[in-house]
Amino acid sequence: MDTVFNSSVLLHGLVVIGSFTVLFYLFKFSWKCWCGFRAYVLSEYWQTDLKTYGQWAVVTGATSGIGRAYANELARRGLDIVLVSRSEEKLHAVAMEIERSYGRQTRVIQTDFTVGHAIYPAIAEKLGELDIGILVNNVGMNYAGMLVYFMDIPNPEQRITEVINCNILSVTQMTRLVLPRMVERGKGLIINISSEAASEPQPMLSLYSATKIFVTYFSRCLNSEYSPRGVTVQCVAPFVVSTNMTHNVAVSAFVKSAPDFAREALNTVGHSSFTSGCLSHALQHVALSIFFPGWFRLSAFCVRQTEKFAQSKRKELEEMMAKCEKKEN
Ligand SMILES: NC(=O)c1ccc[n+]([C@@H]2O[C@H](COP(=O)([O-])OP(=O)(O)OC[C@H]3O[C@@H](n4cnc5c(N)ncnc54)[C@H](OP(=O)(O)O)[C@@H]3O)[C@@H](O)[C@H]2O)c1
């Protein structure tokens, strides 16, 4: 009798625990769906007025790709833009494009972020007393333009330091320059461009992937520290965007154009502090985390497949370049 009673109590207990577990996961799943729907669909019609953060937006790496697209989109939304990049000529061309298209003011700061800490006093001086509401820490570089083993990084002694200076030091130092005034005014927005390559460790992109997880953690910590004081720090982790970095790969359902990406990513401000930037990339992120979990990406099998893929891409690229050269001749 006692045994029957005990097993029925046990069964009831298990049913209750099971029901709570199912309810918990259902709630979690529904909450995630709602957050995604709000950030990527509703945000098209329900946007934060970015002008409320301040008059000026500073964009690093603003002369091409995602940075240039952010600069244009921020100007379209009514902000004056400080463009920070490497090539003086390209900076003036993008500044002119923005002034002509949107009638906003621009300033340019020519600098090379691979140099390291020595560049920041000059940047601070040029930013001066501007009312900076938004900083987009976009500048970033890969070391080889391809997937390679760590020991195959070209000119590693110099290149490793350059990548760390460009991808990590720039984000922390630029933040140091603008954050105190934002906190003083009780408002500001810092957008840090990380990468999907940081969602899990990525063999054959080791240094790049590691610098980007730094950006992700730094952004998420800062957001917790400073959002109660009015400053939002948003981390954007895109998948593939068609830019120079990705050899201007064709735009498709999976690959975004830089202008579309910047527009959709800016819509997510106020809805999400850690985002893939657009619906297509968010869905790819979910699919990848289900079908290619971290342990699989780190396996010897996956590294071998990545190596084969890299070899075939390298061949494709070489053939494409040879064709282009032939055409030019
Ligand atoms: N494209 C993607 O699929 C993708 C995916 C995930 C994350 N991201 C991240 O998004 C950001 C932008 O990438 P992107 O694809 O737009 O790259 P991109 O097309 O190569 O553009 C990079 C920009 O940064 C500037 N820049 C590069 N090195 C610099 C340096 N040392 N000092 C100053 N400026 C420098 C470039 O200026 P120049 O014109 O003078 O070279 C250019 O304006 C990066 O942080 C990247 O890691 C990109």
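The values are calculated or read from the model by the stated rules, or taken from the named source; none is laboratory data. Here the structure is a predicted model, which is why all the values come from computation and not from measurement. Here the Cβ positions follow ideal geometry from the backbone for every residue, glycine too, while neighbour counts run over all protein chains shown. Ligands, DNA and RNA are stripped out before the accessible areas are found, and what is left, the full protein with its side chains, is counted by its heavy atoms. Shrake-Rupley method; radii C 1.70, N 1.55, O 1.52, S 1.80 Å.
Taking the criterion of being among the hydrophobic types (A, V, I, L, M, F, W, C) and loosely packed, with under 10 Cβ neighbours inside 10 Å, no residue of the range 41-53 qualifies. With respect to the conditions (1) within 12 Å of the ligand (Cβ to nearest atom); (2) at positive phi, V163 falls short on a single one, namely (2).
Do we find a residue being more than 30 Å from V136 (Cα to Cα), without any contact (Cβ under 8 Å) to a residue 24 or more places away in the chain and either more than 23 Å from the chain's Cα centre (by Cα) or open to solvent by 100 Å² or more (accessible area, probe 1.4 Å) (or both) anywhere in the range 29-40? Lay out the reasoning, then the answer.
Start the filter on the range 29-40 by keeping residues that are more than 30 Å from V136 (Cα to Cα), which leaves 29-30.
So of that shortlist, the ones also without any contact (Cβ under 8 Å) to a residue 24 or more places away in the chain come out as 29-30.
Going one step further and asking which of them are either more than 23 Å from the chain's Cα centre (by Cα) or open to solvent by 100 Å² or more (accessible area, probe 1.4 Å) (or both), we end up with 29-30.
Yes, the conditions are met somewhere in the range 29-40.
Total residues in the range 256-279 satisfying the condition of being closer than 18 Å to G65 by Cα and open to solvent by 20 Å² or more (accessible area, probe 1.4 Å): the figure is 6.
Filtering the range 96-125 to residues that are within 16 Å of Q55 (Cβ to Cβ), touching a residue at least 24 places away in the same chain (Cβ under 8 Å) and outside any strand (DSSP E or B) leaves I98, Y102, R104, Q105. Restricted to the range 193-306, the set of helices (runs of 4 or more DSSP H) holding at least 1 residues that are within 15 Å of the ligand (Cβ to nearest atom) and modelled with pLDDT of 95 or more comprises 206-226, 258-267, 279-291. Number of residues in the range 94-122 that are surrounded by 14 or more Cβ atoms within 10 Å (Cβ to Cβ) and among the small types (G, A, S): the value is 2.
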